[in-house]
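What follows is calculated from the coordinates using simple rules that are stated; it is not laboratory data. Keep in mind that what you see is a predicted model, and the values were worked out from it rather than measured. Virtual Cβ from ideal backbone geometry, glycine too; neighbours counted across all protein chains shown.
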Amino acid sequence: MSRYTEGMAEPSEHRSIAKNRKARHTYHILEELECGIQLKGTEVKSLRDGQCSIGEAYVHSKNGELFLIGSHIPEYSHGTMWNHKPTRERKLLLHRRELLQWAKKAREQGITMVPLEVYFAGSIVKVLVGLCRGKKLYDKRAAERDRSDKRDMDRAMRRRR
């Protein structure tokens with residue numbers, strides 16, 4: 001190991017900052033894609049404190065690029081007058097080929113791009129973006145019923161042992 005990589009975390013280390021649990025309930029997730037995100041220094045420091053909200057966020061394509069809109073990263077507590085704006089648009093970083101494929105799929109009717117998770121991969125902040133289609137009310141009820149039935153079966157199996 002060289003002296004330049006001694007203090008750095010392993011890239012396989014995955015530390016979650018924020019998850020969008022509501023998205024898995026509201027949408028059918030068709031595909032997932034890991035993206036980088038363009039951040040300012042105070043945003044990274046705020047994320048290291050574990051502060052982020054992506055519950056109301058979505059991903060939008062404009063001018064051939066993807067942007068994360070509606071996410072909230074609060075101002076860094078020890079920041080100065082150059083602190084960041086908490087709800088600014090943040091550019092997502094991915095390969096051009098992936099960008100073109102996803103922009104094409106997102107133009108289909110009823111398809112939305114939603115951030116599912118923000119996490120540290122080593123020392124780099126990543127965003128897991130899902131290509132989603134909205135669930136109908138009866139789909140949500142069926143999913144809830146399936147979870148409830150599975151929970152009841154597991155409970156019965158534990159009692160039987």
Note to self: C-alpha centroids of the stretch 123-137 and the stretch 63-88 sit apart, in Å, by 19
Counting Lys and Arg as +1 and Asp and Glu as -1 over every other residue whose Cβ sits under 9 Å from the Cβ of PHE67, the net charge comes to +1
Under the Karplus relation with 6.51, -1.76 and 1.60 and θ = phi - 60°, whole-Hz ³J(HN,Hα) for the stretch 123-128, x at Gly and Pro, equal 10, 9, 7, 10, 10, 8
Order of SER61, SER16 from fewest to most other C-beta atoms within 10 Å? SER16, SER61
For the stretch 130-141, Karplus couplings with θ = phi - 60° (6.51, -1.76, 1.60), whole Hz, Gly/Pro x: x, 8, 10, 10, x, 8, 7, 4, 5, 5, 5, 5
For a quick protection proxy, order the peptides 138-144, 38-44 by their average other-Cβ count within 10 Å, most packed first. 38-44, 138-144
Once amide H atoms are built 1.01 Å from N in the peptide plane, which residues 5 or more positions from LEU116, or in another chain, come under 5 Å H to H? LEU128, VAL129, GLY130
Please build a GNM for the chain, connecting alpha carbons under 10 Å apart, and tell me which residue among HIS14, HIS25, HIS78 fluctuates the most. HIS78
Sort SER77, SER46 so the one with the fewest other Cβ atoms within 10 Å of its own Cβ comes first. SER77, SER46
Any chance you could give the angle, 0 to 90 degrees and rounded to 10, that helix 96-106 forms with the longest Cα principal axis of the chain? 40
Can you give the helix-only mean residue ellipticity at 222 nm for the chain, where every DSSP H stretch with n ≥ 4 adds -39500 (n - 2.57) and the sum goes over all residues, rounded to the nearest 500 deg cm²/dmol? -9500 deg cm²/dmol
Here D for the chain, in µm²/s, from Stokes-Einstein with a Kirkwood Rh over Cα pairs at 25 °C and 0.890 mPa s, works out to 137
